[in-house]
Amino acid sequence: TALGQIFNLIARPAALLAWAAFALAIAYSYGLRLPLAAGLVCALGYVAASLAELNGAYWLSFVERWEQILLPGLLVAAVGLTTAHRARPEFPPVYRLIGLLAVFLSILSLSRGEPSYLPIQPNRAKVLYEALGFVAAGGAVWLGIRRHWAGVVNLGATSFAIFLFSKYFDWWWEWMPKYVFFFVVGLTAVLLMVLFRKLRARIREAPA
């Protein structure tokens, strides 16, 4: 950053790659999870920015096309889901949470009408991502219970609740009396809390 200001360099996504490499080097050298998370976020930004440039857009506009974040998020999540990291067993949960968080945020934004690269009508793309959000959240909860990954279960359950409440808003906010709307939302929240407690108890009781 200092060199860029001194020599008046144009900002490029390569800076994100340099920060990612530095953070990951610190993380793997000393076994630190926070630098690992920062490095993964920078790596996600670099890949998304590079995809934006390949599509002819300014690299900082990658947040306008969430599928450019969805794809690298899937890759990061896949590393945490499939790699054991025997030398650093505390690292896979970070990969899983950072990757899945990028995936769920991308799907949520696309389900709310953000532009998509899919060659279909925008309304159909929105409905497709809405359905994908529920399926992905439910799949994350199922996989987390099966593998005893409490963080994945919590993230999947939270994402499912957010997707559900966003649909409540679409369906009922305009015509339903507000006190009835918030009563339904509160009742749903209580039911989800009971369900999440049962899921947490099932994780604790399940054999390793």
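The values are calculated or read from the model by the stated rules, or taken from the named source; none is laboratory data. Just so it is clear, the model here is predicted, and its values are computed rather than measured. Heads up, the Cβs are rebuilt from the backbone with ideal geometry, glycines too, and the neighbour counts pull from every protein chain shown. Note: accessible area is taken over every heavy atom of the protein model, side chains too, but ligands, DNA and RNA are not part of it. Shrake-Rupley method; radii C 1.70, N 1.55, O 1.52, S 1.80 Å.
Overview of values
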item	result
Cα gyration tensor shape of the range 108-180, rounded if a/c is under 1.5, else prolate or oblate by comparing a/b with b/c	oblate
Per residue, in Å², the accessible surface of the chain once ligands and nucleic acids are set aside, probe 1.4 Å	61 Å²
Viscosity 0.890 mPa s, temperature 25 °C, Stokes-Einstein D of the chain from Kirkwood C-alpha radius, µm²/s	128 µm²/s
Residue range of the chain that is longest and free of GluC sites (Glu not before Pro) which are both DSSP loop and sparsely packed (at most 13 other C-beta within 10 Å)	1-89
Of the DSSP H helices in the chain, those whose Cα atoms cover at least 18 Å axially and whose Kyte score averages 1.0 or more	14-30, 33-54, 67-82, 92-111, 178-205
Overall form of the range 1-121 per C-alpha gyration tensor (a/c, 1.5; a/b vs b/c)	oblate
The range 1-44: chymotrypsin sites (Phe, Trp or Tyr not before Pro) falling in loop per DSSP and having at most 12 other Cβ within 10 Å	Phe7
Proximal lysines relative to Lys167, as straight alpha-carbon distance under 18 Å, when same-chain residues fewer than 8 apart are discounted	Lys126, Lys178
Within the accessible area of the chain (1.4 Å probe), percent carbon and sulfur	68 percent
